[in-house]
Amino acid sequence: MVCLGNLCRSPLAEGILRHLSSQKGLNWQIDSAGTGNWHVGHPPDRRSIAVAKKHGIDISGLRGRQFSTADFDQFDRIFVMDLDNYRDVLQKARSEADRLKVQLLLNDQQPVPDPWYDDALFEPVFKLIQGACERIISRG
Ligand code: 4NP
């Protein structure tokens, strides 16, 4: 799960997908990263921690890291939140096989809005990501 800061959206996506996959007893390796490096080593945004907690998911222990080319070797699928993330991740791809792993998280190709500047967006962003993660789980 990749966004810009690995602070607001992708830690939520990691936490939600982890939660759903463990409920299903799946043994998936799930992680998140940012295309930027400003928040490497930092916990998620307190508003993301709060909205996740409200829905019974603890993401307070996550720490920011930056997306790297090695992630193409570690993961089968790479979900990005918006088209800037898509472009930045594809710039690190080495092959068509790498590029084929990358897709927008939302089914309808819409971006997950960045809630960084708007407290009111955290709840709808949670719901958008939750719906996408439920689809990922149900399709395998
Ligand atoms: P995110 O939101 O990409 O959902 O983690 C952002 C968080 C921080 C910054 C940008 C986006 N920032 O510029 O620090």
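The values are calculated or read from the model by the stated rules, or taken from the named source; none is laboratory data. Owing to the predicted nature of the structure, the values given are computational and were not obtained by experimental measurement. Please note that ligands, DNA and RNA were not included when accessible areas were found on the heavy atoms of the full protein model with its side chains. Shrake-Rupley method; radii C 1.70, N 1.55, O 1.52, S 1.80 Å.
Which of rounded, prolate or oblate describes the stretch 1-73 when judged by the alpha-carbon gyration tensor and an a/c cut-off of 1.5? Since a/c reaches 1.5 but b/c is at least a/b, the shape of the stretch 1-73 is classed as oblate.
Computed with every protein chain present, the accessible area of Arg18 is close to 110 Å² [probe 1.4 Å].
A straight chain from Ala50 to Arg139 at 0.36 nm per residue would run longer than the Cα-Cα distance by 29.2 nm. Carbon-plus-sulfur accessible fraction, the chain (probe radius 1.4 Å, protein heavy atoms only): 50%. By the helix-only formula, in which each DSSP H run with n ≥ 4 contributes -39500 (n - 2.57) and the sum is divided by residues, the chain has a 222 nm mean residue ellipticity of -12500 deg cm²/dmol. Note on the chain: Rg/Rh from C-alpha atoms, Kirkwood Rh, equals 0.93. Under 5 Å between amide hydrogens, which residues at least 5 positions from Val102 or on another chain qualify, with H placed 1.01 Å from N in the peptide plane? Answer set, sorted by chain and number: Ile78. The gain in end-to-end length when the Ser68 to Ala120 segment is fully stretched comes to 15.6 nm, 0.36 nm per residue minus the alpha carbon separation. Using the Karplus relation 6.51 cos²θ - 1.76 cosθ + 1.60 with θ = phi - 60°, the per-residue 3J(HN,Hα) values for the stretch 108-120 come to 8, 6, 7, x, 7, x, 7, x, 3, 9, 9, 4, 5 Hz, with x marking Gly and Pro. For Gln66, the residues whose modelled amide H falls within less than 5 Å of its own, excluding neighbours fewer than 5 places apart on the same chain, are Gly34.
Rolling a 1.4 angstrom probe over the protein heavy atoms with all chains in place gives the chain an accessible area of 53 Å² per residue.
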